[in-house]
Amino acid sequence: MTYQDALAGRVSLPQQIYHITLCTYQRQPVFTCFATGRLIAHQLKDAQAQRHALSLAWVIMPDHLHWLMQLEETCSLDQVLKRLKARSAQAVNRHLNRTGPLWQTGFHEHALRKEEDIKQIARYIIANPLRAKLVTKIGDYPLWDAVWL
């Protein structure tokens, strides 16, 4: 299946909650630096400020991003992620004085079903640094947030 084939089956529904995963280009560990990771966090907050998506939980790992979000009615899912990827790439490339792609083409999304436990999925997302053995306590990892704090 090609990337375009996968897109053909993708549905973008306002008010739908999605678990999004974006991976860096060639899985480069770009976000090991706190300041670089904060640039991504800023773009997530901007998506919310622009009323494109409501951030429920997110974690920025060294080479990928997990984002639990609710899509607003102002943009499609593809539009939100295209904007996030473009703006974050510009900011990170400027910060690191580099050029080239930041993100892999495409993204993985899972539209949550009504019966799925949103908080359980948020906990799974937030616990990524623990499972990756980056920290022993989630409070020690600086690049995450959740609305249930």
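The values are calculated or read from the model by the stated rules, or taken from the named source; none is laboratory data. From a predicted model like this one, the values you see are computed outputs, not experimental measurements. Glycine gets a Cβ as well: all are built from the backbone with ideal geometry, and neighbour counts include every protein chain shown. The protein model used for the area step is the full one, side chains on, heavy atoms only, and it has no ligands, DNA or RNA in it. Shrake-Rupley method; radii C 1.70, N 1.55, O 1.52, S 1.80 Å.
Details
- Modelled this way, with points 7 Å down the Cα-to-C-beta line, the labels at residue 113 and residue 98 are 4.0 nm from one another.
- Residue 133-residue 74 FRET efficiency (beta carbon distance; Förster radius 41 Å; 0.05 resolution): 0.60
- Rel. contact order, % - alpha carbon contacts under 8 angstrom, at least six apart, the chain: 32 percent
- Amide H partners (placed H, <5 Å) of residue 53, local residues excluded: 48, 72
- Solvent-accessible area, 1.4 Å probe, carbon plus sulfur percent, for region 9-88: 52 percent
- Reach of residue 137 by Cα under 27 Å, taken over lysines that are not fewer than 8 positions away in the same chain: 45, 119
- Placing 124, 141 in order of accessible area, with the largest value first and a 1.4 Å probe, yields 124, 141.
- Extension gain, residue 27 to residue 54: 0.36 nm times the residue separation minus the Cα-Cα distance gives 7.1 nm.
- The residues of region 1-113 have, on average, 52 Å² of accessible surface per residue, using a 1.4 Å probe with all protein chains present.
- Estimated from helices alone, the mean residue ellipticity of the chain at 222 nm is -11000 deg cm²/dmol (sum of -39500 (n - 2.57) over DSSP H runs with n ≥ 4, per residue).
- Of the residues 33, 75, 23, the one that moves most in a GNM of the chain with alpha-carbon contacts below 10 Å is 33.
- Percent accessible area from carbon and sulfur atoms, region 99-149, protein chains only, probe 1.4 Å: 54 percent
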